[in-house]
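The values are calculated or read from the model by the stated rules, or taken from the named source; none is laboratory data. Values in this document were obtained by computation on a predicted structure and should not be read as measured data. Cβ placement follows ideal geometry from the backbone for every residue including glycine, while neighbour counts extend to all protein chains displayed. What goes into the accessible areas is simple: the full protein's heavy atoms, side chains included, and nothing from ligands, DNA or RNA. Shrake-Rupley method; radii C 1.70, N 1.55, O 1.52, S 1.80 Å.
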Amino acid sequence: MVPFRLKQALAALTVPLFLMGCPLGGSPATKNAELTVLVAANDAGLRAKSTSVPKARVVQQEELVSLTITVDQVALQQVGDPANVVVIDTPFDLNLLDILNMPNLIDLAPVPPGEYEGAVLSLSGAAAVFADAPDAPVAVDLLDGGNLRVPISFSVVAGEAGLLVFDLGAITLVELDAGGYQLIPDLQVGLFNAVQAQVRGEIVESNPDDAFIVVRRGGAEILVDVLNAAIFLPDDFDTANGTPADLIVGAEVVAIGALNFDGSLAANTVAILDFPVEDDESTRGGKFHLHFRLVSTGVDPDAEGEARFKTHNDFRQLKIKMEDLTLIRVVEVAVDGELIADARVRKSEKAHINLVSARGDYVPAMTENSVIEVFDAETGELVLVSEVGTRHERGHRDDDDDDDDDDDDDDK
């Protein structure tokens, strides 16, 4: 799920488009338009207290952990032609909670020029996960079997660009008195030349000197201007501590800002979700992870923590989590007698350190016999010390997408 800090209200800059963008070249009579496809929704339906559906209760947003659907196909219908023009036919999954009030870029699609009168969105596989039963997804029925059709009226001009937005509107999830759940969208489709949007994908080009990156999402490569963006590192919470130099090729990011008709985005926020790890099959045997338990020395009796070190080829990462630091304000961390980092203890009595060689951090070489020491930065007293580490060859699958081996989401 996208971090909560990114779910700020984004007012859509909905400028109706007669596609007056820059021509892409080629013969105007034959060349398709290049449309950037987005899916949007808003949270009004999940905050409503009543519904027009008889004998049903509106599920509130705070009850949900996720609300997912599979988009099987995106299509348009030209005037006078009963056959659909398929825009996207590769199914993709969406967590609707991640796109509330924040349109999500899906892909770049060629669309034939002409007049259009209908749009079709084919959905399936809807499921809800509730906060009181996070391990038990519940199937959700879709209105009209998931085949959403709406009338539209716009022109697509040959050789030009634009933003094609499929807006599910104020989606409502209702619990039926007869049993079961139903998802009720309010689909609208429009063509725009600018919207506030989010782009999630992999950085394929980075130029920190000129403050731009290129993010790949599906078949689209989006030029993102990061000059005025707040850049959040994976362990950042309320404060953005990143710089354009942290936006390295291979990193997975979410960029939010003004998306223009040509597919470029002026970002106000970029969140780095994960840094890249090289994974060459021929050298995978040299990849290993280490796990260390940190135990209290008695200076702060309730304090505890863990550390995870991973290495592969030239890549190294060391993540340290410390908890229940009730008497300490700032910690300093040493590995094998060498001071490597410090961190401020948060109000939650936790402190985190995440060092990644790929972004220029110094990460020492480690073995299972390495010793990690955590000191009170103000008094110099030893607060935590590591036990002998355990080694995992080739690592484990990262089930929680937080770039470590455990099943705990470090961002919670």
#### Entry: Radius of gyration, Dmax [the stretch 186-251; alpha carbons; angstrom]
14.0, 44
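Where does the charge balance sit around Val150 when Lys and Arg score +1, Asp and Glu -1, over other residues with C-beta under 14 Å from its C-beta? Please report the intermediate quantities before stating the final value.
On the way: positive: Arg149; negative: Glu117, Asp144, Asp167, Asp186.
Net charge in that neighbourhood comes out at -3.
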### Summary
Once Lys and Arg are counted +1 and Asp and Glu -1 for all other residues with Cβ under 14 Å from that of Leu173, the total becomes -3
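Would you mind getting the accessible area per residue of the stretch 312-361, heavy atoms of the protein chains only, 1.4 Å probe, in Å²? Write out the running numbers ahead of the final one.
Numbers: 2470 Å² over 50 residues.
Value for the stretch 312-361: 49 Å² per residue.
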### Message
Taking each pair of distinct Cα atoms in the stretch 163-221 once, what is the resulting Kirkwood hydrodynamic radius in Å?
### Response
15.1
### Query
Order of 79-87, 195-203, 241-249 by packing, highest average Cβ count within 10 Å first?
195-203, 241-249, 79-87
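I'd like the antiparallel share, as a percent to the nearest 5, of DSSP beta bridges with both residues in the stretch 180-323.
Numbers: 44 of 49 bridges.
Looking only at bridges with both residues in the stretch 180-323, the antiparallel portion is about 90 percent.
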### Task
Out of all DSSP beta bridges with both ends in the stretch 31-133, state the antiparallel percent to the nearest 5.
95
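For the peptides 364-371, 186-193, what is the packing order when you average, over each peptide's residues, the other Cβ atoms within 10 Å and list the highest mean first?
So the peptides 364-371, 186-193, ranked by packing, come out 186-193, 364-371.
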### Query
Taking the Cβ of Ile340 as the center, what net charge do the other residues with Cβ under 14 Å away carry, scoring Lys and Arg +1 and Asp and Glu -1?
-4
### Message
Debye calculation, C-alpha points only, no solvent: report log10 I(q)/I(0) for the stretch 107-170 at q = 0.13, 0.29 Å⁻¹, in the same order as the q values.
### Response
-0.56, -1.29
### Query
Using Cα-only point scatterers and the Debye equation, what is log10 of I(q)/I(0) for the stretch 165-287 at each q in 0.11, 0.20 Å⁻¹, rounded to two decimals?
-0.52, -1.04
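Grab the eigenvalues of the alpha-carbon gyration tensor for the stretch 31-72, scale each by 5, take roots, and send me the semi-axes largest first in whole angstrom. All intermediate terms of the calculation are to be shown ahead of the outcome.
Working: eigenvalues 197, 34, 23 Å².
Over the Cα atoms of the stretch 31-72, the semi-axes work out to 31, 13, 11 Å.
What Kirkwood Rh does the stretch 245-384 have if only Cα atoms enter the pairwise 1/r average? Answer in Å.
On the way: mean 1/r = 0.0587 Å⁻¹.
One over the average 1/r among Cα pairs gives 17.0 Å for the stretch 245-384.
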